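Notes to accompany the following structure.
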Amino acid sequence: MLDLKFIRDNSEVVRRALIARNIDNIDLDGLLALDDKRRKFMHELETLRSKKNTANDEITKILKEKKDPKEKIAAMKTIAAKIDDLETKVKELDPQIESVLIRIPNIPHLSVPVGAPDKNKEVRRWGELKTFDFKPKNHIEIAESLDIIDFKRATKITGSNFIVYKKDGARLERALYNFMLDIHTKEHGYTEILPPYLVNRASMTGTGQLPKMEEDMYKLKDEDYFLIPTAEVPVTNLHRDEVLKEEDLPILYTAYTACFRREAGSYGKDTRGLVRVHQFDKVELVKFVTPKASYDELEKLVGNAERILQIFNIPYRVILLASGDLSFASSKCYDLEGYAPGMDKWLEISSCSNFEDFQARRANIRYRGKDGKVNFVHTLNGSGVALARTMIALLENYQTKEGEVLIPEVLQPYMGGQKRITGSIK
RNA sequence: GGAGAGGUGGCUGAGUGGUUGAAAGCGGCGGUCUUGAAAACCGUUAUGGACCGUAAGGUUCAUCUAGAGUUCGAAUCUCUACCUCUCCGCCA
């Protein structure tokens, strides 16, 4: 959420940001008019309240002198009525202002290219595309022939775009997130968190998923709880309504969770296989940092995610997202796209964002500086990395002519020393 | 699910209708002392908004989980919601 005062003082900056994001359903002038109206009421209201407070002090004094304050009290009744009236008016305005304010996205950072997604900029590329002396299969063919993912039965027991991992598929998945968590905690300095997969409305609002994306979330019927679309939500909200200490920053968390997304409206695109599923595993990285450090921390965060792909030797490119492709709460975002030779596609495997104080303001996450002043922290997060699509990249990059899949050396200890997936192992 | 207790500042915790924005302690900051540190002592220390001022600062309003109500006046009384704790029940 942006600061209303900031919007008031920088309305042109906000207007440009909305245009850059190609958002046209925000009535900025309407908001400013409402704000103006509210401030006039507030001024009047505060004057009256001041009068009230003075009069109340006088009544107290009269009572102490054991006299009768009857006249004063009668006079105060009229003022109290006026105050009531104004309070009602302000209370009518507040939700109107709030409903616009909460839908205004974050301002893109100056380094973010302005424009539609075709303005996304590749900032670097790592690794060599693998060449095969046979026609590489896609992950669906591989998974089915090795019997490590059961697409059909997943549809039976739940519905379309769910998957069942089995045998070495399930084992590899488990190895992957264990390995990633170990790298991030032991080598990158993150603290491991295993949060709830259900969160309340305040948490979803705090990180910016609500109210805008409610139709993309799974919601419980009997409680006002949501299935998390990413560990970002519970982990960032860990410090909601808290005042952290500057000397404790940066705080770095990593968490493995399942992620649940309805993907409403995205049917027809990438619906086969593992690319777009309603439930997938992800290891997430979350940072709470001082404003001064946040852009350096973003670069480090991207580096931490890249490290995983480098270890797996998966070729990837780093994409700086243009303003039109930026998620609601983020100021700047890098996507990591890993190459999947079987599909001959670059797949988004990680997304690393700096939210500056946008989430912190919504979720009220602050820190006390060494000078004693309290201010909003900056929050960041990134996937480190998303498992389903990493699984695609691994299966397709590590496949052999014989139809087996080699297990990257670093993962072998996590799979009991096993070196390859042959399909014969139960 | 049943019964009871409770939600107060960065933290612990006092306060049950009238200078209480809120005692005390801890923590933080500044200082005295010290070669330095600790200890001790002294001082200081909520957050947000509006207005005035170049600024230092000043004036003022709000905020004791949230919302509604009673009252001239609410941290304090009433109602509702949410949350926490204790005991009982159920349960992996």
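Read-outs throughout are calculated quantities, based only on the coordinates presented, and are distinct from any laboratory measurement. As the structure is a computational prediction, the values presented were derived from the model and not from experiment. Here the Cβ positions follow ideal geometry from the backbone for every residue, glycine too, while neighbour counts run over all protein chains shown.
Some notes on this structure:
- Screening A:Val100 on (1) touching a residue at least 12 places away in the same chain (Cβ under 8 Å); (2) under 22 Å from A:Ile19 (Cα atoms); (3) surrounded by fewer than 16 Cβ atoms within 10 Å (Cβ to Cβ) shows it passes everything except condition (3).
- Scanning the range A:326-361 for residues that are in a helix (DSSP H, G or I) and surrounded by fewer than 21 Cβ atoms within 10 Å (Cβ to Cβ) gives a single hit, A:Arg361.
- Candidate set from the range A:40-73 (those that are under 28 Å from A:Ile97 (Cα atoms) and loosely packed, with under 13 Cβ neighbours inside 10 Å); member that is farthest from RNA strand B (Cβ to nearest atom): A:Lys40
- Against the list (1) out of contact with any helix residue (DSSP H, G or I) (no Cβ under 7 Å at 6 or more places or on another chain); (2) assigned to a strand (DSSP E or B), the condition A:Asn161 fails is (2).
- Residue, nearest to A:Phe260 (Cα to Cα), within the range A:363-392, restricted to residues that are touching a helix residue (DSSP H, G or I) at 6+ places or on another chain (Cβ under 8 Å) and aliphatic (A, V, I, L, M): A:Leu387
- Matching residues in the range A:65-110 - criterion: being out of contact with any helix residue (DSSP H, G or I) (no Cβ under 8 Å at 6 or more places or on another chain) and of a type in the set (Lys, Arg): A:Lys66, A:Lys67, A:Lys70, A:Lys77, A:Lys91, A:Arg103
Residues checked against (1) part of a helix (DSSP H, G or I); (2) of a type in the set (S, T, N, Q):
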{"site": "A:Gln209", "(1), (2)": "no, yes"}
{"site": "A:Glu215", "(1), (2)": "yes, no"}
{"site": "A:Glu247", "(1), (2)": "yes, no"}
{"site": "A:Cys259", "(1), (2)": "no, no"}
{"site": "A:Arg262", "(1), (2)": "no, no"}
{"site": "A:Lys282", "(1), (2)": "no, no"}
{"site": "A:Val286", "(1), (2)": "no, no"}
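- Top-ranked residue of the range A:369-426 - restricted to ones that are of a type in the set (Gly, Ala, Ser) and part of a loop (DSSP other than H, G, I, E, B), ranked as surrounded by the most Cβ atoms within 10 Å (Cβ to Cβ): A:Gly423
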